[in-house]
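So the structure is just underneath, and the comments pick up after that.
The values are calculated or read from the model by the stated rules, or taken from the named source; none is laboratory data. Keep in mind that this is a model prediction, so the values were computed, not measured. With ideal geometry, Cβ positions are generated from the backbone for all residues, glycine too; neighbour counts draw on all protein chains shown.
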Amino acid sequence: MSAGEKLGLLSDDLNNMVGPGTSGGAAGRGPDPFDGAQIVANKERNSLMVMATPEAWRKIEAAIRLMDTPRYQVLIEATIAEVTLTDQLRYGVHFWLESGNFSGVFTQNNSFGVNPTVPGFNFIISSGNFRVILDALASITNVRVVSSPSLAVLDNQTAQLKVGDQVPIVTRQQQSTENPDAPIVNNVEYRDTGVILQVTPRINPDGQVDLDIRQEVSNVVEGAPDAINPTIAQREVGTSVAVASGQTVILGGLISDRQSIGKSGVPVLRDIPLVGNLFSGVNNSDQRTELVILITPKVIRNAVDAKAIAEEFRGRMQLFGAPPPKR
């Protein structure tokens, strides 16, 4: 929401409070203090012009101070990792977490999502302990971090992250009916594929943060060579959870199977007609992977919180050998 839009809403709320005003007040009551009061929003100057009696102005000023408060921000730290499911993880990361020795990592509020919208799982863990889980996974299988973004978003606004490609999709084809040799004109729309993460935080007065999370993972799969549009495989998970500032939510359950066919053999000899198959072979491999998303919200209420988060980020950069950002 822009400053002008916020100012307009504030002006509307104040005008609703003031009302149209009545001459002389209601029967049996004194004169209306808001009678004749006018409030006009000046979006260019980001200000309000108020014309009212001193008594009405005191009430209007109190209402402005109550409503015109700065909105909190939430820093969203996300880590999106792809885990290869080996024999030790044949049942997925969910089963591995429940069967492993992680009782000291999870918080007491370790239930499944408040409102899971599609199949999947989520856990809530204490601040910083998500690295313990990632390190434990990396010790038994291959863990590939797809993306690890950090971004700040206003309270009750949606933060969106896209990592991937735009795939052209033909929505309509046109050709002149008068000339059969006329070229075919295609109308094309682009579809986002890859990793798409949407997070909407809502800060509660008690410090809890409600997170509406929707995660989509899609990729183009091989289809018929003469197909107009590609086939897009899609995995999606959505949930609503409530966590404390600094706690981490683990989302998972997005499992995919990939089959690949490769050909190997003796160079040159494998390309000889008729007998080339004697010197070559076909390798079929299946790979199962699961996408795990870790999201940590941190509430920024004032400059002190913002400075603390900046110092933490600066410390991480120094830990990895990067030069610290200029103050």
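Before moving on, here are some points about what is shown:
- Checking every residue in the stretch 236-249 against the condition of being assigned by TED's automatic domain parsing to the domain that holds TYR91, among the hydrophobic types (A, V, I, L, M, F, W, C) and within 25 Å of THR84 (Cβ to Cβ) gives at least one match.
- Restricted to the stretch 36-76, and to residues there that are among the hydrophobic types (A, V, I, L, M, F, W, C) and part of a helix (DSSP H, G or I), the residue that is farthest from SER150 (Cα to Cα) is ALA56.
- Listed by first and then second residue, the pairs linking a residue in the stretch 92-104 that is in the same structural domain as GLU82 (by TED's automatic domain parsing) and modelled with pLDDT under 65 to a residue that is polar (S, T, N, Q) and not in a helix (DSSP H, G or I), with Cβ atoms under 9 Å apart and 6 or more places separating them unless they lie on different chains, are PHE102/ASN129; GLY104/SER126; GLY104/ASN129.
- Summed over the stretch 130-148, residues that are under 21 Å from the mean Cα position of the chain (by Cα) and outside any strand (DSSP E or B) total 4.
- From the options LEU161, LEU137, LEU197, residue that is aliphatic (A, V, I, L, M), closer than 15 Å to ILE80 by Cβ, buried (at least 16 other Cβ atoms within 10 Å of the Cβ) and touching a helix residue (DSSP H, G or I) at 6+ places or on another chain (Cβ under 9 Å): LEU137
- The residues in the stretch 294-327 that are at pLDDT below 85 and of a type in the set (Val, Ile, Thr) can be counted, and the count is 1.
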